Each structure stands twice: as C-alpha cells, then as structure tokens.
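The values are calculated or read from the model by the stated rules, or taken from the named source; none is laboratory data. Just so it is clear, the model here is predicted, and its values are computed rather than measured. So basically every Cβ, Gly included, is an ideal-geometry build from the backbone, and we count neighbours across all protein chains shown.
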Amino acid sequence: MATKKEKIKEFLAKFFRNHVLADDEDIFALGFVNSLLAMQLVGFVEKEFGITIEDDDLDFENFRTVNNIEALVGRKEAARVSA
Amino acid sequence: MSMPETAPVATESPSQQAIKVLVWDLDNTLWDGTLLEGDDVRLRPGVQELLEILDKRGILQSIASKNDHGAAMAKLEELGVAEYFLYPQIHWSSKAASVEKIAKTINIGLDTVAFLDDQPFERDEVNHSFPMVLTLDANEVSALAGRKEFSPRFITDESALRRSMYQADERRNAAEGDFVGPQEDFLEDLEMKFILGPAQEEDLKRAEELTVRTHQLNTTGYTYSYDELAGFRDSEDHLLLVAGLDDRYGTYGKIGLALVEKGAQAWTIKLLLMSCRVMSRGVGTILLNHILHLAKEAGVKVRAEFLSNDRNRMMLITYKFGGFREIDRTGDLILFENDLERIQPFPSYVDVVVTG
C-alpha cells in the first residue's frame, strides 16, 4: 500500500514535470503553487485522507512541503480518533 | 436561492430568476411540421427574430427534441440556425433529463432555465421533475422577448459574445479531455494571454455585472453601481483593475476585477473577483500578485478584506496561500495583511500583458 508521502508526491507530480520533489522541498519557493493547485491540493488531502481542513489549517506553512502536509494529515487523523 | 414550495398548476412556474438558457423543442415549436413524417419544415413565424434577439442579449439557447439526431442537425444547418444552439439534446430520452443535462453542462441553476414546447405532456413532464423550470407553450414565441425574465438587467458588449465564448469552451473542454500529460503542459498548450490594467470607461458596465454575477471566486461579494465604479476610476485614492483572458480557442472576455483603496501606509483590497469561466485555468493569482508588486514598488503594505459566503473558499485559500495573515476579525469580516516578503512570479504558461 502506498504511504501517505507517496500519495502526496504522486498527486503533486501531476502539476510539474522534470522535477523530483524532495520531502522537505518548499513547493511554494519552486513557483509551482498557483491558485488552481492550491485548491486542488486542499481538496485532494481532504478526500484522499478523509479529513476536514478547517479555515485555521489553511496556513501555507502546513502545505509548504511534503513533510508538512503529511504532518498536517497526521494531526487531523489523531484529532479525529480522540474526538 | 428561491424555489417554489409547491408544484405550480399552470404551465408557468413562478420564476423570480432572469432566464439564462432557453431550451427549444423542434417539431411544431421551432419549425412547423414533423421532420420525421417527411414534412418540408420551415421556421415558425417570429422564430428567426427571437433566436437573434436572445442571442444578442446573452441568453443562451439549446434544444430538447425527440427526434433523429442526424436528420435534425442537418435540417438546422440547412435552415441556417444550428450555430445558435449549445449542447443540443436530440434523442428519444425524457426531456426532463435533457433539460437537466443542459443546465449541468452549462453550469447554471435550473431556476434560470426556460423550456419551450408545443406539447402540454412534455411541459408537464419537465415541470414534474423540475418545478423551478419556466415552461412555455410554443405559441408564446412572439411575446417572449417582451417578458421580464428575458430582459436581462445588463446587456454588455460581452452579452453578444456569450454564446461564442461557451462554444470556444466546448472545444477547449474536448481538447482537455483528450490531453494526456501534466496539467501544466495542457495550460501551456492553450497559449493564454492575460491582459490587465486600470479599468477603462467602456469596462464599467461589465465591471458592475461582474460584481453582481460572481459568487464563487469573489473575496467579499461587495457590489458597486456603475456610478460608484466610475467614481473609483477617477479617484486618486483608488485603483480599479480589470483583467481579460484570451487563448487559442477564442476570448473569455473580461473576467477579473479588483478594487484597491490606497492608504498612505497600506493598500486595502476591498474586492477581488474572477469569473468562474476561468476556474481551472491557473490564472487566479495573477491579478493579486500584480497588486502586490505595485504595492511593493510604492513601499506600502497590502491588506485585504474577506467575507465568507460559503461558496468562496477558493478565495480564502488564495489569500492564505498568498502569504496573507489574519490581523483582525469583526463578525464575519476578516482583515488580512501581507508583508510582501514572498511574491509568486507569474505562471510560465501565461503571457501577462500589463496595460496603461
């Protein structure tokens, strides 16, 4: 089964070519993030991992790297289990 | 959105909405006679004129007919009216399904659809499923252009272009469906040109229309009258920007608007909107980033107001991911601020042209 990181990377790979994204690479600094990717990325994370991204989670820091996205998903999943 | 509580008894439903799409039946409605019975069909009186008037007003038109698709399309071509119709539904399925499909494909609410058919059975069938559709008898053709539902509040230069813009979109969507590869390659393939600059006088009607019609890609939903917008255009303390988009399939028209209040220490974006026509074109941040660049040159910070309407989350994401931080909240109104440390470059797949 694909790990969270693999799934996130596979999704992001659709938006750019000739670039292998490192886990800690800043996708905003690469200039890859347009409004379309941002919206689709939020939608993807919600749907793929079955979590709800609240307005307060919409900090670009949470979506800046593959590692950060994975951490956000982990936090939301933990919150869901304990709730 | 207003919907009637009970199914109407008459053929007309109490539609409050302006009609955006008129769906035509063919036999004994658009033309006299029955095509498949071998009649030499001709357009009914007043039909040609109505097609032209509605087209100029920016009201889209389509077809729901139980007929042979090939024969009917050939006849429409022969009569010289085929070009008026978007997504014609000519087959033997129910007309309610056809009307629903048209509304869905064009992406408008069923309460803005009217259906014209000579047969009460067909009108009832549509109204049974969708009471919010305005159903009309074919004998109303001559009076239709005078009805208030068919008299839009705004008729702009773009109204007459609306059909051709949707047709360009039809070709674009087909191309996108066929395209294999990264999204960015497809966007590059469109050869988009984004033109932005201060609003000109001839942009103001369209600007007013955009503030009223745009809900999803709209940061605050503030509406401004023509006169107010004209005032902002002349004001030293405001910046009123308009953006247009073209690509290899045609023009999308004027699709973006921004109003900035220029203070000495900070500029405040009161309104930033984009038409949903350009929803998946990856051009949403160009106007915003242009404002950020201008402010940086002027040595001021940028603030932005945001008012949620449940449908404009994409604009919240645009601000949040664009480096804006919340600095104040009054009720539902959020005030953001951007320190301009990080401004995204314009995307490589769009040719951005800044005017005057």
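Checking each residue in the stretch B:301-314 for being of a type outside the set (S, T, N, Q), touching a residue at least 60 places away in the same chain (Cβ under 8 Å) and more than 9 Å from chain A (Cβ to nearest Cβ) picks out B:ALA304, B:GLU305, B:PHE306, B:LEU307, B:ARG311. Applying the condition of being among the charged types (D, E, K, R) and closer than 23 Å to B:VAL353 by Cα to the stretch B:209-235 and asking which residue is surrounded by the most Cβ atoms within 10 Å (Cβ to Cβ) yields B:ARG233. Scanning the stretch A:38-83 for residues that are more than 13 Å from chain B (Cβ to nearest Cβ) and among the aliphatic types (A, V, I, L, M) yields A:ILE51, A:VAL66, A:ALA71, A:LEU72, A:VAL73, A:ALA78, A:ALA79, A:VAL81, A:ALA83. Selection of the stretch B:247-286 for residues being in a loop (DSSP other than H, G, I, E, B) and not hydrophobic (A, V, I, L, M, F, W, C) yields B:ARG248, B:TYR249, B:GLY263, B:GLN265, B:SER275, B:SER280, B:ARG281, B:GLY282, B:GLY284, B:THR285. Selection of the stretch B:222-246 for residues being among the small types (Gly, Ala, Ser), touching a helix residue (DSSP H, G or I) at 6+ places or on another chain (Cβ under 8 Å) and not in a strand (DSSP E or B) yields B:SER225, B:ALA230. Only a single criterion out of (1) within 14 Å of another protein chain (Cβ to nearest Cβ); (2) surrounded by 21 or more Cβ atoms within 10 Å (Cβ to Cβ) is not satisfied by B:ILE269, namely (1).
Checked against the criterion of being at pLDDT below 90 and either under 24 Å from the mean Cα position of the chain (by Cα) or within 12 Å of chain A (Cβ to nearest Cβ) (or both), the candidates B:GLY356, B:GLY282 yield just one match: B:GLY282. A residue that is out of contact with any His (no Cβ under 6 Å at 6 or more places or on another chain), in a helix (DSSP H, G or I) and at pLDDT 95 or above occurs somewhere in the stretch B:41-48.
If the condition is being out of contact with any Ser or Thr (no Cβ under 7 Å at 6 or more places or on another chain), part of a loop (DSSP other than H, G, I, E, B) and within 27 Å of B:ALA160 (Cα to Cα), then the stretch B:84-98 contributes no residue at all.
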